[in-house]
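Structure record follows, encoded as structure tokens.
Any read-out appearing in this document is the output of simple, stated calculations on the displayed coordinates, not a laboratory observation. Remember, it's a predicted structure, so these values are computed and weren't measured experimentally. Note that each Cβ is placed from the backbone with ideal geometry, even for glycine, and that neighbours are counted across all protein chains shown.
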Amino acid sequence: MTATWRISASSAAPGWLGMPPLGGDDAAWVAESTTALRAAFGERWNDELDRAVPALLRAGLDRREADDLLSWQLWPVALPLFSIVRARVVGSAALPDFHAAGAAVQPIESASLGPGVQVTARVRLEEADASAALAVLAFDDGEHALALSIDPTVAEVVDLSAPALLDLAGRIDLERPDGSAFRAAPPAGLVVDEPGWSLGGAA
């Protein structure tokens, strides 16, 4: 479905590393991204990071999926940690019932995409025997939806990534296969939650 959709995205927040598509030049991307992070870290860079960062970058590349319209590694601070952010177009019917899944749902507005919902949840990573958090920003026109998501990871990393994700959501332009601009419709029947934890504290 996503192959004929066109997307352009930018963010004023630092730390975004757009990953190449599957089958791209991974080695060149790791080298370029290591150089960029070395400059961003500045005096914090050391020999240990010189070894660890390329390995982390390659590990992030292994998490790309064919359904991603775009995917990024977001390194929100000058530390060796990152979140995986994805942009995907899905059929509206494929969106889960976020409330039924136990997630917190809040309204959000994007200057470029229109109204949507911000979804946050805590989940259990059974393979790691640890708790994690995830976040999704969903914009739905009733037929298709754009989902911007942070993969499940440590809640603190999601919180650190939140401002950049919100900034990204306001700077995305999505074009349908027929060339028209995607614009979301107001969420129907939205029940606004009062979560104990929310994406960056934003409403």
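When the scattering of the chain is computed by the Debye formula from its Cα atoms alone, each counted once and equally, what is log10 I(q)/I(0) at q = 0.08, 0.16 Å⁻¹?
-0.28, -1.09
Give, as a single signed number, the net charge of other residues whose beta carbon lies under 11 Å from the beta carbon of Arg88, with Lys and Arg counted +1 and Asp and Glu -1.
Details: positive: Arg86; negative: Glu65, Asp67, Asp68.
Neighbourhood net charge equals -2.
Please compute the Cα-Cα pair-distance distribution of segment 10-59 with 10 Å bins starting at 0, giving whole percents from short to long.
Here the calculated profile for segment 10-59 is 23, 52, 24, 1.
Segment 35-119: D in µm²/s via Stokes-Einstein (Kirkwood Rh, Cα pairs, 25 °C, 0.890 mPa s)?
154 µm²/s
Among Leu49, Leu57, Leu174, determine the one that fluctuates most according to a GNM of the chain built with springs between C-alpha atoms less than 10 Å apart.
So, out of Leu49, Leu57, Leu174, the one fluctuating most is Leu49.
What ranking of Asp67, Asp26 emerges when the number of other C-beta atoms within 10 Å of each C-beta is taken as an exposure proxy, fewest first?
With the fewest neighbours first, Asp67, Asp26 line up as Asp67, Asp26.
For Leu69, which sequence-distant residues (separation of 5 or more, or a different chain) have an amide H within less than 5 Å of its own amide H, given hydrogens modelled in the peptide plane?
Ala87, Arg88, Val89
Given only helices, namely DSSP H runs of n ≥ 4 each adding -39500 (n - 2.57), what is the per-residue ellipticity at 222 nm of the chain, to the nearest 500 deg cm²/dmol?
On the way: 3 runs with 46 residues, N = 203.
That calculation yields -7500 deg cm²/dmol at 222 nm.
State the percent of C-alpha pairs, over all pairs in segment 65-170, separated by a distance greater than 19 angstrom.
Working: 2468 of 5565 pairs.
Here the tail beyond 19 Å accounts for 44 percent of pairs.
Size of the dipole of segment 1-141 about the Cα centre, Lys and Arg at +1 and Asp and Glu at -1 on the beta carbon, nothing else charged, in debye to 20?
Result for segment 1-141 is approximately 160 debye, rounded to the nearest 20.
What angle, in degrees between 0 and 90 and rounded to the nearest 10, separates the Cα long axis of helix 26-41 from the longest principal axis of the Cα atoms of the chain?
With both axes taken from Cα atoms, the answer is about 80 degrees.
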